[in-house]
Amino acid sequence: MMSVRPILVVAGVGNAAGTGAATARVFSKAGYRVALLARNADSLNNLASQLTKAGGEAHPFALSSYAPQAIRDAFASIRKQWPKEQGNEIRAALWNTAAAVWKPFLEVTDEEVKESLDVNVAAAFAFSREAILEFKNNDLNDLGKRGTLIFTGATASTRGNVTTSAFAVGKFGLRALSQSLAKEFGKENIHVNQAIIDGPILTDRQRARHDATWEADENVRLDPESIAKSYLYLANQDRSALTWELDLRPAHEKW
Ligand SMILES: NC(=O)c1ccc[n+]([C@@H]2O[C@H](COP(=O)([O-])OP(=O)(O)OC[C@H]3O[C@@H](n4cnc5c(N)ncnc54)[C@H](OP(=O)(O)O)[C@@H]3O)[C@@H](O)[C@H]2O)c1
Ligand SMILES: *[C@@H]1O[C@H](CO)[C@@H](O)[C@H](O)[C@H]1NC(C)=O
């Protein structure tokens, strides 16, 4: 571990019970400082104080929206909070935000198409740009890398289905971005990953759609903490054996 704790930036924390928050917890325990980005300031503040109480260091950076400028402003605030000149380095970044639109094609509105492209693709472009600019300024760490950028994907990243036209174009787009960045910046020892989450995650939203048997059955849903552990594993890979795409699904998923 470096003398100053490396920083993880997480975008997409939601109500602090899903994958974004679990990743913040797991990386915090592993010695990272965490910059929390999302729109819900209260939930960011709560998570930041939880992490701090547990012996970590975390700071909330509430976004007014996922507009590219709002994301750039958040990175400017992170640099102010933890200045580079004092040895602070962003070493990992997770793009976990997604705008999920699940509707038959003929019911999808122009606004929903735009929202999917704006949030799932354009906002991810802005986030990636800031993360990569930071990584380019880092020296190689003991793993031979300058930084690790992870994207949370979904089944809809590789397969369309009957109600995913608007969502899948966004997630396919995100996957295309991830692969392009992995190839363009691999040469600079920047590690870009895509994790295809191929099954339902145990979030409060999914709990509301299922019964208690589903929640109790570890064979049928992904635990956010287990996903987060895989993200830490990706960040810990060294330059001689790097994953671009990882897929994760529960044991009984009918894939
Ligand atoms: N839940 C599942 O079953 C499942 C399955 C496969 C893949 N995934 C993927 O996992 C990631 C989310 O993880 P999670 O489900 O565990 O939830 P999570 O970590 O709680 O995060 C979801 C984030 O997405 C943002 N979001 C939701 N709707 C949005 C919208 N319409 N516009 C902009 N932002 C929106 C929220 O941002 P704010 O905090 O700013 O509101 C929230 O932070 C997504 O990339 C999703 O595609 C989820
Ligand atoms: C595709 O959609 C159908 C109908 O909603 C569903 O039963 C099936 O599980 C979906 N397939 C995948 C791979 O998600």
Handout entry: Long-range neighbours under 7 Å by Cβ, at least six apart or interchain, first residue without any contact (Cβ under 8 Å) to a residue 40 or more places away in the chain within the stretch 187-208, second in a loop (DSSP other than H, G, I, E, B) and away from ligand 2 (no atom under 16 Å from the Cβ)
Key = 202/223
Handout entry: Hits in the stretch 34-46 (condition: surrounded by 23 or more Cβ atoms within 10 Å (Cβ to Cβ) and either more than 18 Å from residue 229 (Cβ to Cβ) or of a type in the set (Ser, Thr, Tyr) (or both))
Key = 35, 36, 37, 38, 44
Completion exercise
The residue that is nearest to residue 90 (Cα to Cα), considering only those in the stretch 116-139 that are among the charged types (D, E, K, R) and assigned to a helix (DSSP H, G or I), is 134
Exercise for the section: Just one of (1) in contact with an Asp or Glu (Cβ under 8 Å, 6 or more places away or on another chain); (2) within 11 Å of ligand 1 (Cβ to nearest atom) trips up residue 220, so point out which. Expected result: (2)
Problem - Flag for residue 172 being surrounded by fewer than 21 Cβ atoms within 10 Å (Cβ to Cβ) and either under 20 Å from residue 7 (Cα atoms) or not hydroxyl-bearing (Ser, Thr, Tyr) (or both) - result: yes
Handout entry: Matching residues in the stretch 47-72 - criterion: being of a type in the set (A, V, I, L, M) and buried (at least 16 other Cβ atoms within 10 Å of the Cβ)
Key = 47, 48, 51, 58, 62, 63, 70, 71
Handout entry: Every residue from the stretch 45-64 that is closer than 18 Å to residue 79 by Cα and in a helix (DSSP H, G or I)
Key = 48
Practice task
Looking only at the stretch 14-39, count how many residues are modelled with pLDDT of 95 or more, part of a loop (DSSP other than H, G, I, E, B) and not aromatic (Phe, Trp, Tyr).
Solution key: 4
Problem - Qualifying positions in the stretch 140-161 - part of a loop (DSSP other than H, G, I, E, B), touching a strand residue (DSSP E or B) at 6+ places or on another chain (Cβ under 9 Å) and away from ligand 1 (no atom under 13 Å from the Cβ) - result: 141, 143, 145, 146
Exercise for the section: Answer yes or no as to whether residue 98 is within 16 Å of ligand 2 (Cβ to nearest atom), within 14 Å of the chain's Cα centre (by Cα) and not acidic (Asp, Glu). Expected result: yes
Practice task
Please report, ordered by residue number, the helices (runs of 4 or more DSSP H) entirely within the stretch 184-244 with at least 3 residues that are at pLDDT below 95, more than 16 Å from ligand 2 (Cβ to nearest atom) and closer than 17 Å to residue 13 by Cα.
Solution key: none
Handout entry: Unique match (being surrounded by 18 or more Cβ atoms within 10 Å (Cβ to Cβ) and more than 16 Å from ligand 2 (Cβ to nearest atom)) among 133, 149
Key = 149
Fill in the blank from the handout: Per the filter on the stretch 114-170, residues small (Gly, Ala, Ser) and more than 17 Å from the chain's Cα centre (by Cα) are 144, 160, 165, 166, 168
Handout entry: Tabulated pairs, the stretch 139-162, first farther than 22 Å from residue 7 by Cα, second within 9 Å of ligand 2 (Cβ to nearest atom) and assigned to a loop (DSSP other than H, G, I, E, B), C-beta under 7 angstrom, 6+ apart or interchain
Key = 155/198; 156/164
Handout entry: Failed condition for residue 176, given (1) assigned to a loop (DSSP other than H, G, I, E, B); (2) more than 30 Å from residue 86 (Cα to Cα)
Key = (1)
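The values are calculated or read from the model by the stated rules, or taken from the named source; none is laboratory data. Note that the structure is predicted; figures quoted are calculated from it, not measured. Neighbour counts run over all protein chains shown; Cβ positions are idealised from the backbone, glycine included.
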